[in-house]
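Structure, as structure tokens:
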Amino acid sequence: SELQILAREKDMALALRARSRLYRTASGEVIDERVSQAQTEYRKYQDWAADEARPLRLAVDSALGDLSRAIVSAQLGSGPRSP
């Protein structure tokens, strides 16, 4: 997992990245490995910090949801596996 702060002039965004691995339980063999990522929008620091950082917390929650869906979609989309 990786969390990165992306700075751009007077605003910032957060980028989240995660590596997922699919294992064959019988042998412990790695069947598939992928990297998924999600990012918040860029906003000014004072906008992120408003209302006790509520906009930032909501954006992080949303990005984590997007990242989770990306991980599951990547694994589901990789097709059937041989036994």
Sites Val35 and Ser62, calculated FRET efficiency, Cβ-Cβ separation with R0 25 Å, nearest 0.05: 0.80
Tail weight of P(r) past 22 Å, computed on alpha-carbon pairs of the chain, percent: 40
Charge context of Leu16, other residues only, Cβ under 10 angstrom, K/R +1, D/E -1: -1
From phi via Karplus (6.51, -1.76, 1.60), per-residue ³J(HN,Hα) for segment 9-20 in Hz, x at Gly/Pro: 6, 10, 9, 8, 9, 10, 10, 10, 9, 9, 9, 10
Rounded to 10°, Cα long-axis angle of helix 45-76 versus longest principal axis of the chain: 10
Cβ-based net charge around Ser1, under 9 Å, with every Lys or Arg adding one and every Asp or Glu removing one: +1
Accessible surface, 1.4 Å probe, highest first, among residues Glu9, Glu52: Glu9, Glu52
Exposure rule at most 14 other beta-carbon atoms within 10 Å, DSSP loop trypsin sites (Lys or Arg not before Pro): the chain longest free segment: 25-80
Size of charge dipole - segment 1-64 - debye, nearest 20, with Cβ of Lys, Arg +1 and Asp, Glu -1, no other charges: 100
Cα lying deepest toward the dipole's positive end in the chain, options Gln46, Leu6, Leu16, charges on Cβ: Leu16
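The values are calculated or read from the model by the stated rules, or taken from the named source; none is laboratory data. Just so it is clear, the structure is predicted and the values come from calculations on it, not from any experiment. Note that we place each Cβ from the backbone using ideal geometry, even for glycine, and neighbour counts take in every protein chain shown. Ligands, DNA and RNA are stripped out before the accessible areas are found, and what is left, the full protein with its side chains, is counted by its heavy atoms. Shrake-Rupley method; radii C 1.70, N 1.55, O 1.52, S 1.80 Å.
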